[in-house]
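Take a look at the structure set out below.
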Amino acid sequence: MATTSTAARTLYVLVPPSPLFAAHWSLFLPDRHDSAQQSAQQAETTNGRRIHVSGDRLNGFTLEIVRGYDVNKHQAVSSRQYSIGSIGEQHLRTQDSMQGENANRVWKDEDEGGGYIDNQPLDDFEQVCVGVKAPGPSLNRVSECCVKGKPTYKTETKDCQWWIWEVVKALTRQGILEFVSHGEENASTTPTQRLEAVPKH
């Protein structure tokens, strides 16, 4: 059974409920407290980075790395946070939230966890996320649905859930995302097995 050291952080998938349509998945990686006296789980804060692709299947998606995000302020996901693996600290770097120019930042709504967008990758983890291209349009517009009277079809629908899958597979292949090792009963399952159990709606 593979495990990670305590010098790791849990990677979560956040899933706001969406009864009618596919839910908007995003990744959440918490920051750590400065104290080294706590267990791995206790050391994690409710603040961190949220990484996702924003948009829709008709118009395509755009990557967002949201820094300074507070999962406790994002009520839609408060009870729908799913741990899928651990990322060792050797693959991570923390940016001081006060660094950089504030004037040009795009800030997110507080009821969605707040924070600001900064898509410049800081570390190995973010390099992989940035390296997985955000999906373009994967639904045909009504005006484009036929060519010479014949219907056209896309073979694969790509959305935020598809993107999360691709990122998780890439992180796992590169050895950056490993098994959760916080004493959970299902800690022996792989990140992709755990992702299979994440709600689609």
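Structure above, values below:
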read-out: Residues of the stretch 130-146 classified as within 20 Å of residue 56 (Cβ to Cβ) and either modelled with pLDDT of 95 or more or assigned to a loop (DSSP other than H, G, I, E, B) (or both), total; value: 11
read-out: Test set (1) at pLDDT below 95; (2) under 16 Å from residue 31 (Cα atoms); (3) touching a Phe, Trp or Tyr at 6+ places or on another chain (Cβ under 7 Å) - residue 105 fails condition number; value: (2)
read-out: Failed item, numbered, when residue 98 is tested on (1) modelled with pLDDT of 95 or more; (2) not in a strand (DSSP E or B); value: (1)
read-out: Residue pairs meeting the criteria (Cβ under 6 Å; at least 6 apart or on separate chains; first at pLDDT 55 or above, in the stretch 150-163; second among the small types (Gly, Ala, Ser) and in a helix (DSSP H, G or I)); value: none
read-out: Subset of the stretch 61-75 that is at pLDDT 95 or above and out of contact with any Phe, Trp or Tyr (no Cβ under 8 Å at 6 or more places or on another chain) - its residue that is nearest to residue 118 (Cα to Cα); value: 65
read-out: First in the stretch 108-124 and within 30 Å of residue 174 (Cβ to Cβ) and of a type in the set (S, T, N, Q), second anywhere and surrounded by 18 or more Cβ atoms within 10 Å (Cβ to Cβ) and modelled with pLDDT of 95 or more, Cβ under 6 Å, 6 or more apart; value: 119/65
read-out: Residue match in the stretch 84-95 (condition: of a type in the set (D, E, K, R), in a loop (DSSP other than H, G, I, E, B) and modelled with pLDDT under 95); value: yes
read-out: Residue, farthest from residue 94 (Cα to Cα), within the stretch 43-69, restricted to residues that are of a type in the set (Gly, Ala, Ser) and in contact with an Asp or Glu (Cβ under 7 Å, 6 or more places away or on another chain); value: 54
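The values are calculated or read from the model by the stated rules, or taken from the named source; none is laboratory data. Keep in mind the model is a prediction, meaning the values are calculated, not measured. As a convention, Cβ positions derive from the backbone with ideal geometry for all residues, glycine included, and neighbour counts pool all protein chains shown.
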